[in-house]
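The values are calculated or read from the model by the stated rules, or taken from the named source; none is laboratory data. Note that this is a predicted model, so its numbers are computed, not measured. Note: ideal-geometry Cβ built from the backbone for every residue, glycine included; neighbour counts use all protein chains shown.
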Amino acid sequence: MRILVTGGAGFVGSHLCERLLSEGHDVICLDNFFTGNKNNIIHLMDSHRFELVRHDITEPILLEVERIYNLACPASPVHYQYNPVKTIKTSVMGSINMLGMAKRVKARILQASTSEVYGDPHVHPQTEDYWGNVNPIGIRSCYDEGKRVAETLMMDYHRQSSVDIRIVRIFNTYGPRMAENDGRVVSNFILQALRNEDITVYGDGSQTRSFCYVSDLVDGMIRMMECDGFTGPVNLGNPVENSILEFAEKIITITGSQSKIIFQPLPQDDPKQRQPNISLAGGKLDWKPLVTLDDGLKMTVAYFSGLHRKG
Ligand code: NAD
Ligand code: UDP
């Protein structure tokens, strides 16, 4: 198949492009390089089945493809809050452009949504039928509400124009090629530990997250794209939940670092707990994560150590 991956030069997108190429598909990677990086995909450039297009999905584009994975959107709070108007435009206008393309060429389209649609959840663990608790006017809303509108657009194009859609709600994912400067907890803590700097826990560290290794996520996304008769939304994440303080301690142990933990103010609207219920993905896609947090973190630490050594 010919497959378009928007945001293909980003962290998740680059792993997805790699996996789709290895399965024999033709891959068009589309990216505006806001948070993505050519280094993430340089190893794919030699393949005659790989094409790179520099483009911004808030502008229309004409391509002929059979599948569209719509991942373009900055994902870390630091990046998506840098230009919040652009962030919400990317989710809203970008999704309209990609849905228009899917409708025109009768492609199947998968939207990368997020656990952030649940906001600061009152239902724990989060199930797909929970509508969420999102602040519509807060500093995270350009991302959360943008993704909620993207889901709405997917469902409306499906109901109104029979576009073949899939929606995945991705929970915190980590692995090699996360951007060093993206401010997310995994990259921050690993880099701080490798440099023996203080580890910055925001708040008292009792808030929780559940971390999924990137290969497991990519496997779930492809299963969802290729399954029959199920639009989702479906949660994709690893249900093993950790407090951020426990997570900091784990990183210190794995890296053997001399770092000390320090506490800094909790950012506004920071969700207190997050854990996916993945029964739906288990039943419909026969999917579950396979990589343990310890194994995934060791591979991620190895990646960041390489960057660290290069200086
Ligand atoms: P990332 O920032 O590494 O990748 C996003 C990519 O999209 C980058 O390459 C960036 O340059 C590109 N991009 C941004 N705006 C664009 C635009 N207007 N036009 C074209 N390209 C654009 O982030 P990621 O972690 O790889 O996330 C990928 C997708 O998965 C995002 O949609 C994100 O919302 C979603 N997601 C990720 C996580 C996670 O933990 N990584 C969790 C939930 C959802
Ligand atoms: N966090 C932290 N220290 C950091 C970066 C993040 O304690 O240096 C916390 C953050 O406040 C949040 C959690 O870690 O509670 C996950 O943050 P991240 O930005 O990785 O993702 P998100 O909040 O979008 O889940």
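Details
- Selection within region 177-193: residues that are more than 10 Å from ligand 2 (Cβ to nearest atom) and within 22 Å of Phe33 (Cβ to Cβ). The member of this set that is modelled with the lowest pLDDT is Asn181.
- Looking across Pro136, Pro77, one residue alone is within 16 Å of ligand 1 (Cβ to nearest atom), closer than 21 Å to Asp270 by Cβ and touching a helix residue (DSSP H, G or I) at 6+ places or on another chain (Cβ under 9 Å). It is Pro77.
- Considering region 60-74, the residues that are over 13 Å from the mean Cα position of the chain (by Cα) and crowded, with 22+ Cβ neighbours inside 10 Å include one that is farthest from ligand 1 (Cβ to nearest atom), namely Arg67.
- Consider region 97-130 and keep the residues that are in a helix (DSSP H, G or I) and of a type in the set (A, V, I, L, M, F, W, C). The one that is surrounded by the most Cβ atoms within 10 Å (Cβ to Cβ) is Met98.
- So Val201, is it in contact with a Phe, Trp or Tyr (Cβ under 8 Å, 6 or more places away or on another chain), in contact (Cβ under 8 Å) with a residue 24 or more places away in the chain, closer than 19 Å to Ser259 by Cα and crowded, with 22+ Cβ neighbours inside 10 Å: yes
- Looking only at region 153-203, and only at residues there that are in a helix (DSSP H, G or I) and among the aromatic types (Phe, Trp, Tyr), the one that is nearest to ligand 1 (Cβ to nearest atom): Phe189
- Out of Ile222, Ile252, sole residue that is assigned to a helix (DSSP H, G or I), closer than 26 Å to Ala193 by Cβ, touching a residue at least 12 places away in the same chain (Cβ under 8 Å) and out of contact with any His (no Cβ under 6 Å at 6 or more places or on another chain): Ile252
- Residue match in region 19-35 (condition: of a type outside the set (A, V, I, L, M, F, W, C), farther than 24 Å from Asp144 by Cβ and in a strand (DSSP E or B)): yes
- Sole residue being part of a helix (DSSP H, G or I), modelled with pLDDT of 95 or more and either of a type outside the set (Val, Ile, Thr) or closer than 21 Å to Gln111 by Cβ (or both), chosen from His15, His48: His15
- Conditions (1) under 23 Å from Phe171 (Cβ atoms); (2) exposed (fewer than 13 other Cβ atoms within 10 Å of the Cβ); (3) free of Cβ contacts under 8 Å to residues at least 60 places away in the same chain: number failed by Gly306: (1)
- Count of residues meeting criterion [in a loop (DSSP other than H, G, I, E, B) and either surrounded by 19 or more Cβ atoms within 10 Å (Cβ to Cβ) or hydroxyl-bearing (Ser, Thr, Tyr) (or both)] in region 274-290: 5
- Note on region 202-232: among residues that are within 22 Å of the chain's Cα centre (by Cα) and within 19 Å of Ser243 (Cα to Cα), the one that is farthest from ligand 2 (Cβ to nearest atom) is Tyr213.
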